[in-house]
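What follows draws every value from the coordinates through simple rules; no lab data is involved. Note that this is a predicted model, so its numbers are computed, not measured. Note that we place each Cβ from the backbone using ideal geometry, even for glycine, and neighbour counts take in every protein chain shown.
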């Protein structure tokens with residue numbers, strides 16, 4: 001998927017992830033705008049995202065379900081652990097061997113071993129935000 005990449009400002013991983021997916025769906029929303037609106041972390045992001053797209057939290061999402069969303073053209077925001085801190089990344093593609101993520105702190109289309117991803121995703125309960133375009137009309 002051609003999801004625009006946004007490099008995060010310090011501590012803005014969720015805001016940058018939201019900006020990436022909203023830009024993918026055609027909305028020019030910066031990470032600063034997300035933060036200005038008071039949505040400063042994954043856990044409170046849903047109302048902001050729902051202004052633009054259909055969005056829902058998912059707990060216990062599987063890698064197969066992430067791949068199914070990618071197949072449907074929908075990037076997925078994943079809540080992972082980075083050391084002792086929670087971190088947000090965007091799943092944007094996969095191959096037979098790897099999942100590709102936009103990590104706002106590290107870079108675009110990062111090749112990630114699925115088992116390594118599960119290791120940092122499981123501690124959050126495999127939390128994700130599933131996003132889809134709103135139906136026309």
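Observations on the structure shown:
- Of all residues in the stretch 60-78, those being within 14 Å of the chain's Cα centre (by Cα), under 9 Å from residue 127 (Cα atoms) and in a loop (DSSP other than H, G, I, E, B) number 1.
- Scanning the stretch 96-115 for residues that are free of Cβ contacts under 8 Å to residues at least 40 places away in the same chain and more than 16 Å from residue 2 (Cβ to Cβ) turns up 96, 97, 98, 99, 103, 106, 111, 112, 113, 115.
- Residues being more than 20 Å from residue 108 (Cβ to Cβ), touching a strand residue (DSSP E or B) at 6+ places or on another chain (Cβ under 7 Å) and part of a helix (DSSP H, G or I) - total across the stretch 37-56: 2
- Looking only at the stretch 9-36, residues that are over 24 Å from residue 73 (Cβ atoms), assigned to a loop (DSSP other than H, G, I, E, B) and touching a helix residue (DSSP H, G or I) at 6+ places or on another chain (Cβ under 6 Å) come to 1 in all.
- Residues of the stretch 27-47 that turn out to be surrounded by 19 or more Cβ atoms within 10 Å (Cβ to Cβ) and either in contact (Cβ under 8 Å) with a residue 24 or more places away in the chain or at positive phi (or both), as a count: 4
- The one condition in (1) free of Cβ contacts under 8 Å to residues at least 60 places away in the same chain; (2) in contact with a helix residue (DSSP H, G or I) (Cβ under 8 Å, 6 or more places away or on another chain); (3) within 23 Å of residue 7 (Cβ to Cβ); (4) not in a strand (DSSP E or B) that residue 118 fails to fulfil: (3)
- Looking only at the stretch 105-122, residues that are closer than 21 Å to residue 62 by Cα, surrounded by 13 or more Cβ atoms within 10 Å (Cβ to Cβ) and in contact with a strand residue (DSSP E or B) (Cβ under 8 Å, 6 or more places away or on another chain) come to 7 in all.
- Selected residue (criterion: farthest from residue 22 (Cα to Cα)) from residues of the stretch 87-98 that are surrounded by 13 or more Cβ atoms within 10 Å (Cβ to Cβ) and more than 13 Å from the chain's Cα centre (by Cα): 98
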